[in-house]
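Contents: one structure, followed by commentary.
The values are calculated or read from the model by the stated rules, or taken from the named source; none is laboratory data. Values in this document were obtained by computation on a predicted structure and should not be read as measured data. Using ideal geometry, Cβ is built from the backbone for each residue, glycine included, and neighbour counts are taken over all protein chains shown.
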Amino acid sequence: MSEEIVQSVENTENDAYEAAFQNQDEVSVTPGKPLLFVNRFFHWIFDQLTALNWGKKIIEFAPNATIYIGVACYGLALFCLTFGIVQSIHFRALSFLWTGLGLAAASLVAPFFAEKLIGGTYQTLRNFATKLPSMNFLHSLAALFLILAIAALLAGFAVGELMAILIGAGVSVLCGIIAVLTLSPDSLSITIEPSQTSPAEELIAVLTCFLKAIVSLISYVWGVLVLIAFIMALRALFTGNPFEALANGMGLTVFVVAVTLLPLASYLFVLLYLFTIDVVRSVLAIPNKLDQLKEADGKQKD
């Protein structure tokens, strides 16, 4: 039903653009043609991306991704334990052993936290439904992030260094995924209701849309942290310099702690943010409630 509404709104917008330009004289139509072409071009891109339905697929695969990454955490725990044993024997320092044991324990607990808290985060986002009168804002946001994706990729290649290219590619992929998610309002619990959305409800949807798109990727961000922790564990395991081993061990500790605490941090952040928005929503609803009470009192007096 929502897809039909979105399509009808888009058709109405296109018809309005064409009518506006057709009703102008030849002089005023000339500068308007490029604008019409750009609008149609973006609508064509958005139609193709919406037809692929990647946003819904990304959201639906997130729970499975959390499970698969959780299994990888058990391998990370083995690497951390091996790091502690090997380096404690190599450098004759028990501190490496205790560090390895602690990191292995944290890696074993992380999948449990992720399954419960990341799942709870997704459920909280699904329960916080919002409304927009049209796809205009979502299309604008998608266009912005598509441009940012291209700019990030070009910036990475412009610098020319491998690390810059990798960072640029990563940022580009992230921006592209956010753009795809904004084109799938159902996956973000956003409904399109042209005639039943108040300005207050639209403002709330705008304030939460970006958060929903970012937090929807939390499973994949968690997976990236696990991958980096794996790399740090390998570097710490195969170094013969005690100072490098200590530095790599500290880096490994940072990322394992991040892997363990990210689910909890994201869950609490989402709760606090949505609680704040809920308070704002309640305050904005007070005038309507007062009007309803006045109408009810007037009917009782009559």
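Meeting the requirement of 2 or more residues that are surrounded by fewer than 18 Cβ atoms within 10 Å (Cβ to Cβ) and of a type in the set (Phe, Trp, Tyr), the helices (runs of 4 or more DSSP H) wholly within the range 51-154 are 54-91, 94-113. With the condition kept exactly as written, say whether any residue in the range 199-222 is under 25 Å from Ala106 (Cα atoms), surrounded by fewer than 20 Cβ atoms within 10 Å (Cβ to Cβ), touching a Leu at 6+ places or on another chain (Cβ under 9 Å) and aliphatic (A, V, I, L, M). Yes, some residue in the range 199-222 is under 25 Å from Ala106 (Cα atoms), surrounded by fewer than 20 Cβ atoms within 10 Å (Cβ to Cβ), touching a Leu at 6+ places or on another chain (Cβ under 9 Å) and aliphatic (A, V, I, L, M).
Scan the range 156-165 residue by residue and report those that are among the hydrophobic types (A, V, I, L, M, F, W, C) and surrounded by 16 or more Cβ atoms within 10 Å (Cβ to Cβ).
Here is the first cut: in the range 156-165, the ones among the hydrophobic types (A, V, I, L, M, F, W, C) are 157-159, 162-165.
Hit for the range 156-165 is Ile165, nothing else.
With respect to the stated conditions, Glu201 is touching a residue at least 24 places away in the same chain (Cβ under 8 Å) and not hydrophobic (A, V, I, L, M, F, W, C).
Does Ile165 meet the test of being among the β-branched types (Val, Ile, Thr) and more than 30 Å from Phe113 (Cα to Cα)?
Numbers: among the β-branched types (Val, Ile, Thr): yes; more than 30 Å from Phe113 (Cα to Cα): yes.
So Ile165 passes the test.
Quick check: anything in the range 237-251 out of contact with any Lys or Arg (no Cβ under 9 Å at 6 or more places or on another chain), buried (at least 18 other Cβ atoms within 10 Å of the Cβ), at pLDDT 85 or above and assigned to a helix (DSSP H, G or I)? No; the residues of the range 237-251 include none that is out of contact with any Lys or Arg (no Cβ under 9 Å at 6 or more places or on another chain), buried (at least 18 other Cβ atoms within 10 Å of the Cβ), at pLDDT 85 or above and assigned to a helix (DSSP H, G or I). Going by the structure shown, is Val270 at pLDDT below 90 and either assigned to a helix (DSSP H, G or I) or farther than 18 Å from Tyr122 by Cβ (or both)? Judged against the criteria, Val270 is not a match. On the basis of being closer than 27 Å to Leu103 by Cβ, surrounded by fewer than 15 Cβ atoms within 10 Å (Cβ to Cβ), out of contact with any Ser or Thr (no Cβ under 6 Å at 6 or more places or on another chain) and of a type in the set (A, V, I, L, M), does Ile231 make the cut? The answer is yes for Ile231.
Answer yes if at least one residue in the range 273-294 is outside any helix (DSSP H, G or I) and over 37 Å from the mean Cα position of the chain (by Cα), and no otherwise. It would help to see each step written out before you state the result.
Let us first name the residues in the range 273-294 that are outside any helix (DSSP H, G or I), namely none.
Within the range 273-294, none of the residues are outside any helix (DSSP H, G or I) and over 37 Å from the mean Cα position of the chain (by Cα).
Could you pull out the residue among Thr260, Thr208, Thr197 that is assigned to a helix (DSSP H, G or I), in contact with a strand residue (DSSP E or B) (Cβ under 7 Å, 6 or more places away or on another chain) and within 30 Å of Arg126 (Cα to Cα)? Working first, answer last.
Values: Thr260 fails: in contact with a strand residue (DSSP E or B) (Cβ under 7 Å, 6 or more places away or on another chain); Thr197 fails: assigned to a helix (DSSP H, G or I).
One residue alone meets the criteria, Thr208.
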